[in-house]
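**Q** Okay, here's the structure, questions in a sec.
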Amino acid sequence: MSYDAPAPSSKDALEIIFRPDPNVYDGRWSNVGWLQELPKPVTNLSWDNAALVSGATLTKLGLEEDNIIEITVAGRKVNAPVIAVPGHPDNSVTVHLGYGRQAAGRVGSGQGFNAYLIRTSDAPFYTTGTLKKLEGTWGLAITKSHFQDHRSKAVSGEGTGNNSLEADEAINERGIIRYATLEQYKADPGFANEGETRPKTEMDTSMFPNWEYKDNAWGMSIDMNSCTGCNACIVSCYAENNIAVVGKQQVRIGRNMQWLRIDTYFEGDLSAPRAHFQPMACQHCENAPCEQVCPVGATVHTPEGLNTMVYNRCVGTRYCSNNCPYKVRRFNFLLFSDYETESLKLSRNPDVSVRTRGVMEKCSYCVQRITAARIEADKDNRAIMDGEVVTACQQACPASAITFGNINDKGSRVAKLRSDERSYQVLADQNTRPRTTYVAAVLNMNEELEQGPAEHPAKG
């Protein structure tokens, strides 16, 4: 069966687009706390759905993000929050299905609004309707602004905020996001490390001698060309490392506990931006700023180069989090993990400690998997082989953007990627010397598309 696009019913009518939610789909997964708390791709919205519009449409209707609106379709009405999304077409509204359920369970009931109320069988994918601003705000939980202030009220032009999400600074000044076109790469293969004050392999010349890692030295490489920002790595980290679900109100005040996040940068005009997705977790720095300020030695270096947490030592000063330039440490402000419910114990990984109130936590490079591989290798009296240790995020990534291994093994895949001319370190100017490196993207763009869209034949 095919469905024809409906004609606009009036000059004030907007196109309403119905889509399954990227996290809970049509509502069947709405009672899964991991997926409710997982920030959605692009919007980083957690614990809710919203009416998605372009910045131009938001301004045209006199709205601001988080305003409550009334969506009317053929006499059917539903109230919803509204947010602007870079790249969204004008005069269109996208609503995600699967929310607003009343009997989904302890987690899923009462979350978001029910878009099914305005969806009919004769127009299941798109229809037309109107929006009306109501009083008040919804109280959305958007995690994008928790660690780096990427959002603002500026939604048009060449400014900062949601127009570019600080892309000018991220790309040009700090080099957080680095990329080149194919032609630029051919002309300058070393573009990713231009302006670096020293080679990546040069040792730090401080008064303290550098530690020599004789056997294993674990590291990670992330390919910026491959990452699509799907967030699968975040869910896998939840499952593998017993990360607590904290709820919407705690997420709103910045207390979400995800060890890994996807930083999204939009470059250029809001109507047609270029998006950059960057997974960001603990970088396991050789010269870790967190270790230098912990008064009780709760964050230390292992003989294999991991920046690890000793939970029993942590007294919760949070100095380490304040001193981390990557903002990847998470603090248990409350007892987020349920120690009492017996059924929940069966859902947890027995190889990973369940953290309690007052303890700092962060990415561990899946140290439990490293230990398991080491035990198996010792049984056979051999070294750990390349590819034998696979982190949870690496295992879940559908694009194979994450590579992990022993950087001391020059034949390992991660060592080869680290030696690639496109490999770079984030915030290398801080002299943190992170173990996680990124492979700069090379874009092979269509020149005709770069020139902009052609004029529609119906116009003129």
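The values are calculated or read from the model by the stated rules, or taken from the named source; none is laboratory data. Note that the structure is a prediction, hence the values are computed from the model and not measured. Positions of Cβ are backbone-derived with ideal geometry, glycine not excepted, and every protein chain shown enters the neighbour counts. The accessibility values were calculated without ligands, DNA or RNA, using every heavy atom of the protein model including side chains. Shrake-Rupley method; radii C 1.70, N 1.55, O 1.52, S 1.80 Å.
**Q** Please pick out the residue among GLN283, GLN258, GLN292 that is touching a residue at least 12 places away in the same chain (Cβ under 8 Å) and not in a loop (DSSP other than H, G, I, E, B). Outline the logic, then answer.
**A** On the way: GLN283 fails: not in a loop (DSSP other than H, G, I, E, B); GLN258 fails: not in a loop (DSSP other than H, G, I, E, B).
Residue meeting the stated conditions: GLN292.
**Q** Taking the condition of being closer than 30 Å to VAL328 by Cβ, in contact (Cβ under 8 Å) with a residue 12 or more places away in the chain and surrounded by fewer than 18 Cβ atoms within 10 Å (Cβ to Cβ), how many residues in the range 118-145 meet it?
**A** Filtering the range 118-145 for residues closer than 30 Å to VAL328 by Cβ gives 137-145.
From the residues that got through so far, the ones that are in contact (Cβ under 8 Å) with a residue 12 or more places away in the chain too are 137-144.
Filter once more, so that each one left must be surrounded by fewer than 18 Cβ atoms within 10 Å (Cβ to Cβ): 137, 139.
Of the residues in that region, 2 qualify.
**Q** Answer yes or no as to whether ASP378 is surrounded by 14 or more Cβ atoms within 10 Å (Cβ to Cβ), over 25 Å from the mean Cα position of the chain (by Cα) and over 22 Å from CYS290 (Cβ atoms).
**A** When the stated conditions are applied, ASP378 does not pass them.
**Q** Which numbered condition trips up ARG19, out of (1) buried (at least 19 other Cβ atoms within 10 Å of the Cβ); (2) not in a loop (DSSP other than H, G, I, E, B)?
**A** Going through (1) buried (at least 19 other Cβ atoms within 10 Å of the Cβ); (2) not in a loop (DSSP other than H, G, I, E, B) one by one, ARG19 breaks only (1).
**Q** Given the structure, is THR94 in a strand (DSSP E or B), over 27 Å from the mean Cα position of the chain (by Cα) and not aromatic (Phe, Trp, Tyr)?
**A** Working: in a strand (DSSP E or B): yes; over 27 Å from the mean Cα position of the chain (by Cα): no; not aromatic (Phe, Trp, Tyr): yes.
For THR94, the condition - in a strand (DSSP E or B), over 27 Å from the mean Cα position of the chain (by Cα) and not aromatic (Phe, Trp, Tyr) - is not met.
**Q** Please verify whether PRO89 is under 25 Å from the mean Cα position of the chain (by Cα), more than 28 Å from GLY247 (Cα to Cα), surrounded by fewer than 19 Cβ atoms within 10 Å (Cβ to Cβ) and not hydrophobic (A, V, I, L, M, F, W, C), treating the condition exactly as stated. I'd like the intermediate steps shown before the answer.
**A** Details: under 25 Å from the mean Cα position of the chain (by Cα): yes; more than 28 Å from GLY247 (Cα to Cα): yes; surrounded by fewer than 19 Cβ atoms within 10 Å (Cβ to Cβ): yes; not hydrophobic (A, V, I, L, M, F, W, C): yes.
Spelling it out, PRO89 is indeed under 25 Å from the mean Cα position of the chain (by Cα), more than 28 Å from GLY247 (Cα to Cα), surrounded by fewer than 19 Cβ atoms within 10 Å (Cβ to Cβ) and not hydrophobic (A, V, I, L, M, F, W, C).
**Q** Surrounded by 20 or more Cβ atoms within 10 Å (Cβ to Cβ), over 16 Å from LYS416 (Cα atoms) and either in the same structural domain as ASP409 (by TED's automatic domain parsing) or modelled with pLDDT under 90 (or both): does that describe ASN216? Give the steps one after another, and end with the answer.
**A** Details: surrounded by 20 or more Cβ atoms within 10 Å (Cβ to Cβ): yes; over 16 Å from LYS416 (Cα atoms): no; either in the same structural domain as ASP409 (by TED's automatic domain parsing) or modelled with pLDDT under 90 (or both): yes.
For ASN216, the condition - surrounded by 20 or more Cβ atoms within 10 Å (Cβ to Cβ), over 16 Å from LYS416 (Cα atoms) and either in the same structural domain as ASP409 (by TED's automatic domain parsing) or modelled with pLDDT under 90 (or both) - is not met.
**Q** Considering only the range 22-39, how many residues are closer than 19 Å to ARG261 by Cβ, crowded, with 21+ Cβ neighbours inside 10 Å and not acidic (Asp, Glu)?
**A** The number of residues fulfilling the criteria is 5.
**Q** Quick test for you: out of GLU340, GLU304, pick the one residue that is surrounded by 13 or more Cβ atoms within 10 Å (Cβ to Cβ), assigned by TED's automatic domain parsing to the domain that holds THR437 and outside any helix (DSSP H, G or I).
**A** GLU304
**Q** Just to be sure, is GLY108 surrounded by 22 or more Cβ atoms within 10 Å (Cβ to Cβ), of a type in the set (Gly, Ala, Ser) and at pLDDT below 90? Outline the logic, then answer.
**A** Values: surrounded by 22 or more Cβ atoms within 10 Å (Cβ to Cβ): yes; of a type in the set (Gly, Ala, Ser): yes; at pLDDT below 90: yes.
Yes: the conditions hold for GLY108.
**Q** Is the range 272-295 home to any residue that is open to solvent by 50 Å² or more (accessible area, probe 1.4 Å), under 21 Å from the mean Cα position of the chain (by Cα) and among the polar types (S, T, N, Q)?
**A** The answer is no, given that none of the residues of the range 272-295 is open to solvent by 50 Å² or more (accessible area, probe 1.4 Å), under 21 Å from the mean Cα position of the chain (by Cα) and among the polar types (S, T, N, Q).
**Q** Still on this structure, I have one more. Can you say whether ILE171 is in a helix (DSSP H, G or I) and modelled with pLDDT under 75, as far as the supplied structure shows? Working first, answer last.
**A** On the way: in a helix (DSSP H, G or I): yes; modelled with pLDDT under 75: yes.
Yes; evaluated as a whole, the condition is true for this residue.
**Q** Applying the selection to the range 307-330, what residues are among the hydrophobic types (A, V, I, L, M, F, W, C), surrounded by 15 or more Cβ atoms within 10 Å (Cβ to Cβ) and part of a loop (DSSP other than H, G, I, E, B)? Even if it seems obvious, please write down each step before you answer.
**A** First, the residues of the range 307-330 that are among the hydrophobic types (A, V, I, L, M, F, W, C): 309-310, 314-315, 320, 324, 328.
Next cut, surrounded by 15 or more Cβ atoms within 10 Å (Cβ to Cβ) only: 309, 314, 320, 324, 328.
If the condition is that a residue be among the hydrophobic types (A, V, I, L, M, F, W, C), surrounded by 15 or more Cβ atoms within 10 Å (Cβ to Cβ) and part of a loop (DSSP other than H, G, I, E, B), then CYS314, CYS324, VAL328 are the ones that fit.
**Q** Also, I was wondering about something else. Tell me which residues, restricted to the range 55-89, are part of a loop (DSSP other than H, G, I, E, B) and closer than 21 Å to THR264 by Cβ.
**A** Of the range 55-89, the ones part of a loop (DSSP other than H, G, I, E, B) are 61-66, 74-75, 85-89.
GLU64, GLU65, ASP66, VAL85, PRO86, GLY87, HIS88, PRO89, listed by residue number.
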